[in-house]
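Read through the structure below, which is laid out as structure tokens, and then see the notes.
Read-outs: derived from the displayed coordinates by stated rules, not from any lab. Values in this document were obtained by computation on a predicted structure and should not be read as measured data. Here the Cβ is made from the backbone with ideal geometry for all residues, glycine too, and neighbour counts use every protein chain on show.
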Amino acid sequence: MDEYVEIKQKNVINNLITFNKNLYKVDNLKETIGTNEFYFILDKSKELNLKPSTLQLFIFILVKASALSLTKEYRTINIPLKDYMELRNISNPVSARRKINQDLSSLLSFHIGFKDRNYNKIGKDKKPVIDTFKMNIFSSYTKFSNGEIQIILNEDFIQLYNTFPKMILSTEIFRIDTHLNPNSFYILWALSYLNNINRNKPERVNNILIRTLLDYCPDIPKNYTEIKKAGQTNQRIINPFMRDMKRLSNIIDWYLVDLNNTKQHLKKISLYQFLELKMHFSFKKSAHNSKIELGKVEETIPTDENTKNEIRPP
């Protein structure tokens with residue numbers, strides 16, 4: 001697999017991947033992830049389990065779906081165990097099979113829902129009626145046979161997913177051991193996502209506030225006042241952040257600056273000084289200069305075969 005790959009995604013997928021970014025604010029009673037108009041629906045009969053390995057597999061499936069010309073007739077994705085193990089740096093095939101099946105079981109509990117205005121139906125208020133849609137992501141999957149797993153995506157999801165814009169992502173996101181570096185996966189996703197949505201905004205691309213980036217890190221506590229009072233700023237915030245940024249040093253160049261754009265080296269810095277810093281970063285092999293095209297994706301709107309109404313997410 002190349003160093004950089006394309007993934008089609010919208011903010012709802014970002015919301016799902018970063019759902020656990022702040023362990024101090026996760027609502028265990030939450031039934032949806034996303035906005036009121038476009039969201040993932042959680043199966044409350046099952047334990048909410050969004051482990052990084054589950055999300056890494058989900059991203060891998062979306063990358064595969066982005067690379068293929070999937071249609072209602074052709075919507076099957078095959079994952080060879082050997083290739084996935086190599087990508088994830090996993091050496092034990094037995095534990096790999098078990099973990100992939102666990103992660104797929106979690107993913108099968110998700111549905112996508114969204115609301116859209118139906119201009120063919122006008123209500124008493126003379127406004128379009130709001131239709132609500134719900135769909136599965138997967139139709140089914142077959143457990144390992146001949147060394148690979150076969151996943152069949154839902155045909156309605158394929159129609160919807162094909163309208164999503166493209167994003168560039170480093171394949172390093174699959175190699176991160178989240179036991180050793182629990183925040184690196186989320187940091188890499190965040191920098192890729194934010195860099196992508198800001199790529200036409202020179203004043204915002206390639207830089208991010210540390211306070212904002214820490215919000216994506218599930219292993220770094222956000223109760224800053226208590227941490228400062230306990231004298232644990234370095235132990236619980238700065239050191240874990242620097243450790244997990246160092247894990248990404250093979251693909252990202254970065255440095256910290258203060259509000260005056262003066263480089264900072266974190267010597268005798270207070271917690272709130274640290275939170276006010278900005279990070280300037282760049283990917284070492286720029287995806288913008290690679291063979292992957294980052295231009296706008298021509299949008300095609302799927303339709304409901306029964307009503308011929310457009311199925312358009314917000």
- residue 201 paired with residue 134, simple spin-label distance in nm, labels 7 Å along Cα-to-beta-carbon: 3.5 nm
- Query: What residues have an amide H closer than 5 Å to that of residue 264, excluding those fewer than 5 places away on the same chain, when H is modeled at 1.01 Å from N in the peptide plane?
  - Reply: 256, 257, 258
- Query: Which FRET efficiency value, to the nearest 0.05, do you get for residue 254 and residue 73 by plugging their Cβ-Cβ distance into 1/(1 + (r/R0)^6) with R0 = 45 Å?
  - Reply: 0.50
- Amide H contacts under 5 Å for residue 4, placed H, 5+ residues apart: 171
- Message: Per residue of region 69-81, what does 6.51 cos²θ - 1.76 cosθ + 1.60 with θ = phi - 60° give for ³J(HN,Hα)? Whole Hz please, x for Gly and Pro, Karplus curve as stated.
- Response: 8, 7, 9, 4, 8, 10, 9, 9, 10, 10, 10, x, 4
- Note on the structure: Scoring only Lys, Arg, Asp and Glu (+1, +1, -1, -1) among other residues with Cβ under 12 Å from the Cβ of residue 275 yields +1
- Between residue 90 and residue 270, what is the FRET efficiency for a Förster distance of 45 Å, r being their Cβ-Cβ separation, to the nearest 0.05? 0.65
- Query: Taking amide H positions as placed 1.01 Å from N in the peptide plane, with prolines and chain starts having none, which residues 5 or more places from residue 166, or on another chain, fall under 5 Å of its amide H?
  - Reply: 297
- Message: If I model a spin label at residue 145 and residue 180 as a point 7 Å from the Cα along the Cα→Cβ vector, what separation in nanometres do I get?
- Response: 3.7 nm
- The residues 74, 186, 272, sorted from fewest to most surrounding Cβ atoms within 10 Å, come out as 74, 272, 186
- Going by a ≥ b ≥ c, the root eigenvalues of the Cα gyration tensor, does region 161-290 fall in the rounded group (a/c under 1.5), the prolate group (a/b larger than b/c) or the oblate group? prolate
